[in-house]
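Asker: Just dropping this structure here.
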Amino acid sequence: MRKTFTTLLLALPLALAGVSAAQADTASAEGRWRQIDPDTQRAKSIVEISRSGNGTLHGRIVELINPSRPDPTCDKCSDDRKDQPITGMEIIRGMRADGANKWNGGTILKPDEGKVYKSKMELIEGGAKLQVSGCIAFICKSQVWERL
């Protein structure tokens with residue numbers, strides 16, 4: 001009985017650490033996200049968001065789901081991503097924290113158009129979803145991505 005009690009006491013901090021880590025994951029945009037097309041409601045790609053050394057967030061497409069052609073490249077891009085493979089491409093750059101669960105000041109690339117938009121992101125639904133917006137002037141579009 002005493003041995004079981006001691007084992008439970010030792011396991012408690014580990015269990016609490018696991019709960020804290022799970023909660024921390026939902027309070028950050030870091031991780032893998034399923035990009036959902038707002039028109040078709042179908043998944044288009046998997047994007048992995050990570051933190052740079054300077055604290056900004058950036059995101060790469062790690063998988064295209066049902067691409068329109070095999071191994072597509074960003075032929076419409078006009079920056080350093082021109083003619084580069086879309087899989088592995090950094091599409092989110094320079095997102096800075098702007099309060100709790102919000103980021104802005106960065107850009108997002110729409111590879112099929114080759115256009116770069118000013119962007120902002122916000123965790124919603126307890127961190128299970130990420131609302132991603134891209135704007136040119138006062139015209140904005142947003143998508144809701146699902147956490148994997």
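Asker: Would you check which residues across segment 89-138 are touching a residue at least 12 places away in the same chain (Cβ under 8 Å), farther than 25 Å from Pro72 by Cβ and acidic (Asp, Glu) and list them?
Answerer: Listed by number, the residues that qualify are Asp98, Glu122.
Asker: Separate question: Test Ile36 against the criterion of being closer than 16 Å to Ser142 by Cα, surrounded by fewer than 19 Cβ atoms within 10 Å (Cβ to Cβ) and touching a Phe, Trp or Tyr at 6+ places or on another chain (Cβ under 7 Å), and give yes or no.
Answerer: On the way: closer than 16 Å to Ser142 by Cα: yes; surrounded by fewer than 19 Cβ atoms within 10 Å (Cβ to Cβ): yes; touching a Phe, Trp or Tyr at 6+ places or on another chain (Cβ under 7 Å): yes.
Judged against the criteria, Ile36 is a match.
Asker: Would you check if Ser119 is within 15 Å of the chain's Cα centre (by Cα), hydroxyl-bearing (Ser, Thr, Tyr) and under 19 Å from Ser45 (Cα atoms)?
Answerer: Judged against the criteria, Ser119 is a match.
Asker: Further, regarding this structure: So in segment 117-148, with the set limited to residues that are β-branched (Val, Ile, Thr) and surrounded by fewer than 14 Cβ atoms within 10 Å (Cβ to Cβ), which one is nearest to Trp103 (Cα to Cα)?
Answerer: For segment 117-148, the residue satisfying everything is Ile124.
Asker: Quick check on my filter: what residues within segment 104-116 are more than 10 Å from Ile92 (Cα to Cα) and surrounded by 19 or more Cβ atoms within 10 Å (Cβ to Cβ)? Please lay out each step first, then the result.
Answerer: To start, the set of residues in segment 104-116 that are more than 10 Å from Ile92 (Cα to Cα) comprises 104-105, 111-115.
If the condition is that a residue be more than 10 Å from Ile92 (Cα to Cα) and surrounded by 19 or more Cβ atoms within 10 Å (Cβ to Cβ), then Pro111 is the only one that fits.
Asker: Could you check Asn101 against (1) buried (at least 16 other Cβ atoms within 10 Å of the Cβ); (2) within 12 Å of the chain's Cα centre (by Cα) and say which number it fails?
Answerer: (2)
Asker: On to the next question. Please count how many residues of segment 43-57 are in contact (Cβ under 8 Å) with a residue 12 or more places away in the chain, over 8 Å from the mean Cα position of the chain (by Cα) and on the phi < 0 side of the Ramachandran plot. Working first, answer last.
Answerer: Filtering segment 43-57 for residues in contact (Cβ under 8 Å) with a residue 12 or more places away in the chain gives 43-51, 55-57.
Next cut, over 8 Å from the mean Cα position of the chain (by Cα) only: 43-46, 51, 55-57.
From what's left, on the phi < 0 side of the Ramachandran plot: 43-46, 51, 56-57.
Result for segment 43-57: 7.
Asker: Look through Gln41, Gln23 and report the one residue that is exposed (fewer than 14 other Cβ atoms within 10 Å of the Cβ), assigned to a helix (DSSP H, G or I) and either at pLDDT 95 or above or not aromatic (Phe, Trp, Tyr) (or both).
Answerer: Working: Gln41 fails: assigned to a helix (DSSP H, G or I).
Selected residue: Gln23, the only one of Gln41, Gln23 that is exposed (fewer than 14 other Cβ atoms within 10 Å of the Cβ), assigned to a helix (DSSP H, G or I) and either at pLDDT 95 or above or not aromatic (Phe, Trp, Tyr) (or both).
Asker: Within segment 61-75, identify whether any single residue is closer than 26 Å to Glu122 by Cβ, in contact with a His (Cβ under 9 Å, 6 or more places away or on another chain) and buried (at least 16 other Cβ atoms within 10 Å of the Cβ), and answer yes or no.
Answerer: So far as segment 61-75 goes, no, none of its residues is closer than 26 Å to Glu122 by Cβ, in contact with a His (Cβ under 9 Å, 6 or more places away or on another chain) and buried (at least 16 other Cβ atoms within 10 Å of the Cβ).
Asker: In segment 76-86, what residues are within 23 Å of Arg51 (Cβ to Cβ) and either surrounded by 17 or more Cβ atoms within 10 Å (Cβ to Cβ) or charged (D, E, K, R) (or both)?
Answerer: Of the residues in segment 76-86, the ones within 23 Å of Arg51 (Cβ to Cβ) are 79-81, 84, 86.
Selection gives Asp79, Asp80, Arg81, Ile86.
Asker: Among the numbered criteria (1) at pLDDT 90 or above; (2) surrounded by 11 or more Cβ atoms within 10 Å (Cβ to Cβ), which single criterion is violated by Gly53?
Answerer: (2)
Asker: Where in segment 63-144 are there strands (runs of 3 or more DSSP E), lying fully within it, with 2 or more residues that are touching a Cys at 6+ places or on another chain (Cβ under 9 Å)?
Answerer: So the answer is 115-124, 129-136.
The values are calculated or read from the model by the stated rules, or taken from the named source; none is laboratory data. In this text the structure is predicted, and so the values were computed from the model without any measurement. All Cβ positions, glycine included, derive from the backbone under ideal geometry; neighbour counts span all protein chains shown.
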